[in-house]
1. Compute the label zone of residue 325 within segment 230-267: residues whose backbone N is under 17 Å from the point 7 Å along Cα-to-Cβ.
2. At a 1.4 Å probe radius, which order do 284, 200 fall into by accessible area, largest first?
3. Please report the relative contact order for segment 209-315, taking Cα pairs under 8 Å with a sequence separation of at least 6, and give it as a percent rounded to a whole number.
4. At what distance in nm do the modelled label points of residue 302 and residue 19 sit from each other, each positioned 7 Å from its Cα along Cα→Cβ?
5. What does the charge count near residue 105 come to, summing +1 for each Lys or Arg and -1 for each Asp or Glu among other residues with Cβ under 12 Å from its Cβ?
6. If you count only protein heavy atoms and use a 1.4 Å probe, how large is the accessible surface of residue 229, to the nearest 10 Å²?
7. Just to verify a number: what accessible area does residue 251 come out at with the full protein assembly present, 1.4 Å probe, Å² rounded to tens?
8. Sort 190, 28, 323 from largest to smallest accessible area, using a 1.4 Å probe on the heavy atoms of the protein chains.
Amino acid sequence: MAKARLQTVEVTQEEAAAAVFRRQVRFWIVAAVVLALFIYLFSGILLPFVAGMVLAYFLDPVADRLQRLGLSRVMATILILVAFVIVLTLALVILIPILATQLADFIAKLPEYLSQLQGLITSFDPQWIEQRFGVNPNSLREGLNSLLTTGFGFITTVFQSIWSSGVALFSIASLFVVTPVVAFYMLLDWDRMIATVDSWIPRDHVDTVRQLASDINTATAGFVRGQGTLCLVLGIMYAVGLTLTGLKFGVLIGLFAGLISFIPYVGSLVGLVLSVGLAFVQFWPDWLMVVAVACVFFVGQFIEGNILQPRLVGKSVGLHPVWLMFALFAFGALFGFVGLLIAVPAAAAIAVLVRFGISRYLESPLYRGHAEVTQAKATDPAQDGDSTTDR
């Protein structure tokens, strides 16, 4: 009888735990749907607010360090934002005219460069190509022309899209007015907001939620702060290196390659293809200059992999490149530019939650089976003692 009662109590406890779990799952699903619907409905006005939050998150460690040096939170926040606005304004005043000029010239001369590059590729002896590789020269020429046209058309579309987005971004007065204000208040109250949110967590799950939040913050901070700094350094390094080689549009290509380096190998590969293609058109038949242009990216990859990546990012990001690309495309398609800003934190949060869910699944009876759980209970000395007492 005692054993039957014990089994009944265990079944009741399992059912209660399952019911609690189902309520929690429903709550978080509803919360996620409401959040996604809110972002979708108000994505047109959220840009300055999300940008301010991202800026505050990026600069919060600097504010904490200034506090440790003796400044108040208010003074640290004011000092950081004033310095950031000054640096941003100087960068825009210097870079925007250069980038605008180079982009306009690049788009205007692209058909000419495309024609010259096609001529260079198809100028090799067709009989030699056919004898060596068994390829019909006419088919090869048509395929190369089609490939180059498609590739350069895609690159032109990307440049135009980025430029138009940038112009639209900086033409919105609210971005300059609202973003600094939002960043100021968010940076000022950051620690207080974190403490307030922490006080809302159910006490039974506070340790688990704190651990998940810590993992999400580690992944997000490692990417947003570390990878963001890395992309900026690579962009400057590529731009300077290509400019020193004398390549036209070196600043434009270098900065573009650096800024898209948050996807591993994509930035350097796109920059390498663009710069080497232009180098062939500009410097041919000077092979040394073409090799020098290619070496800028090879040296950049070496410095990134052996010096910058370990120091700035480390191994704590935990975001797979394929998952990151999918998140950027998905959130960008759903929510536009605002989606691009929240894609990385959302991808980091989802990845952490999925890993947590998988770990819980591997520990659950659903994976291990009830027979194994029953056997574990049967061999537990404490449970044997309780059963003996009951009998």
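The values are calculated or read from the model by the stated rules, or taken from the named source; none is laboratory data. None of these values were measured; they are calculated from a predicted model. Cβ atoms come from the backbone with ideal geometry, glycine included; neighbour counts cover every protein chain shown. Heavy atoms of the whole protein, side chains included, go into the accessibility calculation; ligands, DNA and RNA do not. Shrake-Rupley method; radii C 1.70, N 1.55, O 1.52, S 1.80 Å.
1. Backbone N within reach: 257-267.
2. Heavy-atom accessible area, descending, gives 200, 284.
3. After rounding, I find 28 percent.
4. 6.7
5. +1
6. 50
7. Taking all protein chains as shown, residue 251 has close to 30 Å².
8. 28, 323, 190
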